[in-house]
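Peer 1: First, the structure itself, so that you have it in front of you.
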Ligand code: HEC
Ligand code: HEC
């Protein structure tokens, strides 16, 4: 009996195997038919605004400012953005409230560069509701956000000459933009998400080849004692932006790097592929940097962006996935 049973089952085994293979092939065929291949899949972008829907921004000319009190205030605001450390850095002439970076290190050409994190839309969009704080934010609040996070410092008084000047400068930059208009090249680019997670190992090798000569192997850049700032600003370490800063989100850093770095890069002449920008951003944001209490950020969990690297989350994706991706499935 025992022998016979075994005999039958071994005889049927090849048939069963053929059946399973055939069923698998049919299933795979159906999947390929009904779902596009990875190449044909749409690319996700955080905002999905086609650039052609937007208007041009012509930046106002600093040279045309007069010597009126109002124009002098705008000029002072420009100077504070360009040379923040000189006034408000660790050895600043006005107050010592920030880490030695300049606003301009990240808001290139004093916040006027195409996709160089410019301020073109601030005048026409603030006060605005922001999910990070869950409140309507004034320009003061937004500027102080960057002081506390990007410059790892403390907020400055709303009535101070410095805050008033920075606000006047930013309002002047956007004075010709009507409310409700979208502007070409505003802020930072939204790169298409990669179908994989960003790779810190590949990122490190890109860093060594394309960034290290200026930002140094330890990521701390090179100081410039004459300006109390940096010749090359830090990308990580104790003098860099903290974990609450916008650039600590890998999509913001990748978008910034793609059209602005290595130094001299423009929108028309990028030097890195999107993949390289994502990977080098992941490497930079995997290094140590100052901390910050973020417990009050993102009061509504479903308002958190896909690449916010701290929980809790409204979905079940892990912290690692929220830090380095893949972001497509999270955003979807
Ligand atoms: C380490 C980089 C960094 C530095 C330094 C920095 N910022 Fe920012 N700033 C950012 C990022 C990133 C954003 C968000 C951009 C985005 O998400 O599109 C931002 C956003 C802003 C915005 C809002 C822009 C908008 O269109 O909503 C203002 C205003 C601003 N920063 C002002 C300043 C000022 C003033 C300083 C200097 C005191 C400063 N920032 C320094 C990185 C920086
Ligand atoms: C030739 C020198 C040089 C090279 C190479 C270079 N950078 Fe920079 N980088 C700068 C300078 C200078 C600034 C500040 C610009 C300013 O203040 O106008 C800067 C600013 C930055 C900032 C924003 C400020 C900060 O410190 O957080 C980031 C991020 C950055 N670079 C990343 C990179 C990455 C990534 C690479 C390589 C792909 C790179 N850079 C290559 C010179 C360089």
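Peer 1: Output the qualifying pairs, or none if there are none: Cβ atoms under 9 angstrom, residues six or more apart or on different chains, first residue in segment 56-72 and closer than 15 Å to residue 167 by Cβ, second residue part of a loop (DSSP other than H, G, I, E, B).
Peer 2: Sorted first by the residue in segment 56-72, then by its partner, the pairs are 71/65; 72/65; 72/66.
Peer 1: Any idea which residue in segment 76-120 is surrounded by the most Cβ atoms within 10 Å (Cβ to Cβ), counting only those that are away from ligand 2 (no atom under 15 Å from the Cβ) and free of Cβ contacts under 8 Å to residues at least 24 places away in the same chain?
Peer 2: By that ranking, first place goes to 96.
Peer 1: Looking at this structure, is residue 277 under 19 Å from residue 110 (Cα atoms) and modelled with pLDDT of 95 or more?
Peer 2: Numbers: under 19 Å from residue 110 (Cα atoms): no; modelled with pLDDT of 95 or more: yes.
In short, no.
Peer 1: Hey, can you tell me all the residues within segment 213-223 that are loosely packed, with under 15 Cβ neighbours inside 10 Å and either in contact (Cβ under 8 Å) with a residue 24 or more places away in the chain or not in a loop (DSSP other than H, G, I, E, B) (or both)?
Peer 2: Matches in segment 213-223: 213, 222.
Peer 1: I need the full set of residues from segment 76-108 which are under 23 Å from residue 184 (Cα atoms) and within 18 Å of the chain's Cα centre (by Cα), in order please.
Peer 2: 103, 104, 105, 106, 107, 108
Peer 1: Out of 155, 168, I need the residue that is over 21 Å from residue 190 (Cβ atoms), more than 10 Å from ligand 1 (Cβ to nearest atom) and not in a loop (DSSP other than H, G, I, E, B). Which one?
Peer 2: When all the criteria are applied, what remains is 168.
So that you can scan it fast, the table gives a plain yes or no per residue for (1) surrounded by fewer than 20 Cβ atoms within 10 Å (Cβ to Cβ); (2) within 16 Å of ligand 1 (Cβ to nearest atom); (3) farther than 20 Å from residue 201 by Cβ:
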{"residue": "241", "(1), (2), (3)": "no, yes, yes"}
{"residue": "247", "(1), (2), (3)": "no, yes, yes"}
{"residue": "269", "(1), (2), (3)": "yes, no, yes"}
{"residue": "284", "(1), (2), (3)": "no, yes, no"}
{"residue": "289", "(1), (2), (3)": "no, yes, no"}
{"residue": "295", "(1), (2), (3)": "yes, no, yes"}
{"residue": "307", "(1), (2), (3)": "no, yes, no"}
{"residue": "316", "(1), (2), (3)": "yes, no, yes"}
{"residue": "326", "(1), (2), (3)": "yes, no, no"}
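Peer 1: For segment 276-303, enumerate the residues that are in a loop (DSSP other than H, G, I, E, B), in contact (Cβ under 8 Å) with a residue 60 or more places away in the chain and closer than 29 Å to residue 211 by Cβ.
Peer 2: 286, 287, 290, 292, 297
Peer 1: Mind checking whether some residue in segment 227-234 is within 12 Å of ligand 2 (Cβ to nearest atom) and modelled with pLDDT under 95?
Peer 2: So far as segment 227-234 goes, yes, one or more of its residues are within 12 Å of ligand 2 (Cβ to nearest atom) and modelled with pLDDT under 95.
Peer 1: While we're here: In this structure, is residue 279 away from ligand 1 (no atom under 12 Å from the Cβ), more than 11 Å from the chain's Cα centre (by Cα) and either assigned by TED's automatic domain parsing to the domain that holds residue 145 or surrounded by 21 or more Cβ atoms within 10 Å (Cβ to Cβ) (or both)?
Peer 2: Here the answer is yes, as residue 279 does meet what is asked.
Peer 1: Among the residues of segment 121-154, how many are more than 16 Å from ligand 2 (Cβ to nearest atom) and out of contact with any helix residue (DSSP H, G or I) (no Cβ under 7 Å at 6 or more places or on another chain)?
Peer 2: 17
Peer 1: Sticking with this structure for a sec: Are there any pairs with C-beta distances below 8 angstrom linking a residue in segment 230-256 that is over 23 Å from residue 271 (Cβ atoms) to a residue that is assigned to a helix (DSSP H, G or I), with the two at least 6 apart or on different chains, and if so which?
Peer 2: Going by the 8 Å Cβ cut-off, the qualifying pairs are 242/248; 244/148; 245/146.
Peer 1: Still on this structure, please answer the following. Scan segment 121-135 residue by residue and report those that are assigned to a loop (DSSP other than H, G, I, E, B), surrounded by fewer than 18 Cβ atoms within 10 Å (Cβ to Cβ) and in contact with a strand residue (DSSP E or B) (Cβ under 6 Å, 6 or more places away or on another chain). Spell out the reasoning first.
Peer 2: Pass one, segment 121-135, residues assigned to a loop (DSSP other than H, G, I, E, B): 121, 126-127, 131-134.
Checking the rest, the ones that are also surrounded by fewer than 18 Cβ atoms within 10 Å (Cβ to Cβ) come to 127, 131, 133-134.
127 - this is the single residue of segment 121-135 that is assigned to a loop (DSSP other than H, G, I, E, B), surrounded by fewer than 18 Cβ atoms within 10 Å (Cβ to Cβ) and in contact with a strand residue (DSSP E or B) (Cβ under 6 Å, 6 or more places away or on another chain).
Peer 1: Check 180, 229, 174, 187 and return the single one that is closer than 24 Å to residue 250 by Cα and either within 16 Å of ligand 1 (Cβ to nearest atom) or within 19 Å of the chain's Cα centre (by Cα) (or both).
Peer 2: 187
Peer 1: Scan (1) assigned to a loop (DSSP other than H, G, I, E, B); (2) under 19 Å from the mean Cα position of the chain (by Cα) for the single condition residue 206 breaks and write down its number.
Peer 2: It is condition (1) that residue 206 fails.
The values are calculated or read from the model by the stated rules, or taken from the named source; none is laboratory data. The structure displayed is predicted, hence computed values, not measured ones. Heads up, the Cβs are rebuilt from the backbone with ideal geometry, glycines too, and the neighbour counts pull from every protein chain shown.
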